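**Q** Below is one structure. I have some questions about it.
The values are calculated or read from the model by the stated rules, or taken from the named source; none is laboratory data. None of these values were measured; they are calculated from a predicted model. Reconstructed Cβ throughout: ideal geometry from the backbone, glycine too, with neighbour counts over all protein chains shown. For the accessible areas, the whole protein counts, side chains as well, though only heavy atoms, and no ligand, DNA or RNA atoms are used. Shrake-Rupley method; radii C 1.70, N 1.55, O 1.52, S 1.80 Å.
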Amino acid sequence: MGVCFLLLIVGVCWAQYNPNTRPGRTSIVHLFEWRWADIALECERYLAPNGFGGVQVSPPNENVIITDPQQPWWERYQPVSYKLCTRSGNETEFRDMVTRCNKVGVRDCRLVSLLDLALEKDYVRSKVAEYMNHLIDIGVAGFRIDAAKHMWPGDVKAILDKLKDLNTNWFAAGTKPFIYQEVIDLGGEPIKGSDYFGNGRVTEFKYGAKLGTVIRKWNGEKMAYLRNWGEGWGFVPSDRALVFVDNHDNQRGHGAGGASILTFWDARPYKMAVGFMLAHPYGFARVMSSFRWPRYFVNGRDVNDWMGPPSNADGSTKPVTLNADTTCGNNWVCEHRWRQIKNMVIFRNMVDGQPFSNWWDNGSNQVAFGRGNKGFIVFNNDDWSLNETLQTGLPAGTYCDVISGQKEGDRCTAVEVHVTADGVADFLISSEDEDPFVAIHVDAKL
């Protein structure tokens, strides 16, 4: 009897760590401040065809409106009611987005931003849970809990215990919502990420801060030191971690990580960092998709970091438009549409479940590693060329590099890599290359 009870508890807890993505889809994207109508389109036309598993959306509930001088991005995190009405759209549009994304297998994970409520009171817990259950009924797959570090873990658990199973129109009976909690734990603080493991995954903020420091080569850090990346660097266990290179806060200098955080403003090293994240097995990965704002620095600080999304004169959010080369217009950055990042999302799907293998480094900033017999990636972050013959672990054949190009039909649009019968291949990467890394996987084999 005791064993059965223990197994039941483990089963219930584990469900909240499961991102509820379709099998073979291993990462999600934060479409920061996108309109619901644009997200619905993006699920159908781009995210589903390219293997993205889910979308993190901005808070859908009514928030404080600040109009002097322009609506800031952070007003979305100041909720005033549980009505589903924001600058991203109304409840009808939200429902349409969730339905359309679920139909193509892209789950939504939305944000719960809790004011300083009396969460110890059952009435308050029930009201919050009622709101979250309304979203579950609509088809939402999970929740990011903002500023969870400022809530007692037991109070958060009491709310989560009141949540329904996910909507059986889209999910198997008994499926629990995916939960990840914003817990900024850079070490040396009394509140730890581990305090919140009982509720779900936690955001591993050390990940982006440390990876940015390594890629920038600050403080004597080298990519060769990444051999034991993950728990070996003092991170939370992989199956408890939600990882990212940057998020909407720290790409503006807020939150955790400071100046080491890499963002789209530093496109070349940023693509390397995201490529490394998506190739490495540690954690569940989230890709960022941003908007530009006119940066203006005073005494080293960007005084425009408060600015909200691209907007029309009446304050309404501009739609996400597409350019001929599939990048985005209207000052939407759409990092998830950059070829290098999109192709690494596909890489991560292809190597899912494969072991970390065939590590190589030059003792400096040239490194390579494989994922079993499914994928291999090589980085040159030194100031000189990489010219090496490396064991890839892959079957013999000609592969298309998915960073400089990709496989289209029976040809490669850019660099080809030839793997011999014993799994070996030659790699030449100049330090001057637009993207000084190469990635191959079995689905990019001619």
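**Q** May I ask you to give the solvent-accessible area per residue for the chain, in square angstrom, as obtained with a 1.4 angstrom probe?
**A** I get 40 Å² per residue for this part.
**Q** Is the stretch 67-203 best put as rounded, prolate or oblate by its Cα gyration tensor, with a ≥ b ≥ c the root eigenvalues, rounded for a/c under 1.5, and otherwise prolate when a/b is larger than b/c, oblate when not?
**A** Cα axes put the stretch 67-203 in the oblate bin.
**Q** So how much slack lies between His134 and Glu388, counting 0.36 nm per residue of separation and subtracting their Cα-Cα distance, in nm?
**A** Between His134 and Glu388, full extension yields 85.8 nm more.
**Q** Rounded to the nearest 20 Debye, what is the dipole magnitude of the chain about its Cα centre when Lys and Arg each give +1 and Asp and Glu each give -1 at the C-beta?
**A** My answer is approximately 740 debye.
**Q** Treating the angle as unsigned and between 0 and 90°, give the value, to the nearest 10°, between the Cα long axis of helix 122-138 and the longest Cα principal axis of the chain.
**A** Result, in degrees: 60.
**Q** For the chain, which whole-number percentage of the solvent-accessible area (1.4 Å probe, protein heavy atoms only) is attributable to carbon and sulfur atoms?
**A** That share works out to 52 percent.
**Q** Filter the cross-link list Lys176/Lys222; Lys162/Lys210; Lys271/Lys407; Lys192/Lys222; Lys222/Lys271 down to pairs whose alpha-carbon distance in this structure exceeds 29 Å.
**A** Pairs exceeding the cut-off: Lys176/Lys222; Lys162/Lys210.
**Q** If you place +1 on the Cβ of every Lys and Arg and -1 on the Cβ of every Asp and Glu, how big does the dipole about the Cα centre of the stretch 70-220 come out, in debye to the nearest 20?
**A** It comes to approximately 500 debye.
**Q** How far is the Cα center of the stretch 401-446 from the Cα center of the stretch 262-313, in Å?
**A** Using only Cα atoms to place each centre, the spacing works out to 27 Å.
**Q** Considering amide H positions built from the backbone, and no H for Pro or chain starts, which residues 5 or more places from Ser58, or on another chain, come under 5 Å of its amide H?
**A** Amide H to amide H, under 5 Å and 5 or more residues apart or across chains, Ser58 pairs with Glu33, Trp34.
**Q** By accessible area of protein heavy atoms, probe 1.4 Å, what ranking do Arg252, Arg339 get, highest first?
**A** The residues order as Arg339, Arg252, largest area first.
**Q** Let me know the longest stretch in the chain that avoids all chymotrypsin sites (Phe, Trp or Tyr not before Pro) found in a DSSP loop with at most 14 other C-beta atoms within 10 Å.
**A** Result, exposed sites excluded: 1-295.
**Q** Run the dipole for the stretch 240-321 about the Cα centre, Lys and Arg Cβ at +1, Asp and Glu Cβ at -1, nothing else charged, and hand back the magnitude in debye, nearest 20.
**A** Value, rounded to 20: 180 debye.
**Q** Relative to the first principal axis of the alpha-carbon coordinates of the chain, what is the inclination of helix 2-15, with its axis defined by its Cα atoms, in degrees from 0 to 90 and to the nearest 10?
**A** 80
**Q** Same structure, new question: Going toward the positive end of the dipole of the chain, with +1 on Lys and Arg Cβ and -1 on Asp and Glu Cβ, which of Phe297, Asn247, Pro237 do you reach last?
**A** Pro237
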